[in-house]
1. Output yes when any residue across the stretch 29-37 is part of a helix (DSSP H, G or I) and either surrounded by 10 or more Cβ atoms within 10 Å (Cβ to Cβ) or more than 16 Å from the chain's Cα centre (by Cα) (or both), and no when none is.
2. Mind listing whichever residues of the stretch 42-80 are surrounded by fewer than 13 Cβ atoms within 10 Å (Cβ to Cβ) and assigned to a helix (DSSP H, G or I)?
3. For a quick check of your reading of the model, give me the residue pairs whose first member lies in the stretch 15-40 and is farther than 30 Å from LYS59 by Cβ, whose second is of a type in the set (Gly, Ala, Ser), with beta-carbon atoms closer than 9 Å and at least 6 apart or on different chains.
4. Confirm whether GLU25 is exposed (fewer than 13 other Cβ atoms within 10 Å of the Cβ), under 21 Å from the mean Cα position of the chain (by Cα) and in a helix (DSSP H, G or I).
5. Considering only residues that are farther than 16 Å from ASN79 by Cα and either at pLDDT 90 or above or among the hydrophobic types (A, V, I, L, M, F, W, C) (or both), which ones fall in the stretch 22-44?
Amino acid sequence: MQWSHQAIWKWFRNFKKDGIQSLYEKSGRGRKSPLRDLNIDDVKAIAINCPSVPIVNAKIRDKYNIKVSNETMRKFLKNLQIKLDSSKKSSS
């Protein structure tokens, strides 16, 4: 990986100004999940009768116009401690 001269000089200036702490990554960086603003109770209500992550994902996509991968949705549901009932059949 190559770094631009501008990036290196920026790191150097920050280091001179604030020391070694300026070189650590700050929290809050990176792309924010579009799922972070969803109403958790609404997500639970949608997921409770769904047998799979792709079906939950499709319903969330239809309702909120939010597009995420099934893997991202799976992790989101897992973080919310939502366990899908695979014994139920979907009506969609």
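The values are calculated or read from the model by the stated rules, or taken from the named source; none is laboratory data. Everything numeric in this text was worked out from a predicted model, so none of it was measured. Note that we place each Cβ from the backbone using ideal geometry, even for glycine, and neighbour counts take in every protein chain shown.
1. Within the stretch 29-37, not a single residue is part of a helix (DSSP H, G or I) and either surrounded by 10 or more Cβ atoms within 10 Å (Cβ to Cβ) or more than 16 Å from the chain's Cα centre (by Cα) (or both).
2. Of everything in the stretch 42-80, those that are surrounded by fewer than 13 Cβ atoms within 10 Å (Cβ to Cβ) and assigned to a helix (DSSP H, G or I) turn out to be ASP42, ALA45, ASP62, LYS63, GLU71, LYS78, ASN79.
3. Once the first residue is farther than 30 Å from LYS59 by Cβ and sits in the stretch 15-40, its partners that are of a type in the set (Gly, Ala, Ser) give PHE15/SER22; LYS16/SER22.
4. no
5. Matches in the stretch 22-44: LEU23 only.
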